[in-house]
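A short worksheet on the structure shown next.
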Amino acid sequence: MIRFVIVSVVFVIIGIPFYLEEVGPNRWSGFRVAKTFSSPEIWYAANKTMGLDLIIAGIALLAVSVSLMIIGQKRRRAPIYRINFFAFLAILLAVTAHCFWTLSRF
């Protein structure tokens, strides 16, 4: 369970520099697709969206994880790990879809 709490904090930490537009175009981190490399304006817009989405995703995943830890203490048979894992996948899918949607506007 603590893994999901750590992942949520990592999402927030990773998202902040992208949201603040401190990470320029590079080959190692960010929303790296051909279109984002086509212009700095597109890079920063797409990665700012990704950064904000990661921050929101981290906060949402943290809320889910903490809630499930509380529920798990009361109900021993609750499928806590599975619910947390599917929440993680859904949140990650939403972030990815929103980034591609933002990219399609350029």
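Placing unit charges on the Cβ atoms only, positive for Lys and Arg and negative for Asp and Glu, gives the chain a dipole magnitude near 660 debye about its Cα centre.
Pairwise alpha-carbon distances in the chain exceed 19 Å for 47% of all pairs.
Checking every one of the trypsin sites (Lys or Arg not before Pro) in the stretch 10-106 against DSSP loop status and a limit of 12 other Cβ atoms within 10 Å picks out R27, R75, R76, R77, R105.
Among the helices of the chain, those built from whole DSSP H runs whose Cα atoms reach 27 Å or more along their own axis and whose mean Kyte-Doolittle hydropathy is at least -1.0 are 40-74, 80-104.
Coordinate-derived values only; no laboratory data. Computed from a predicted structure; not experimentally measured. So basically every Cβ, Gly included, is an ideal-geometry build from the backbone, and we count neighbours across all protein chains shown.
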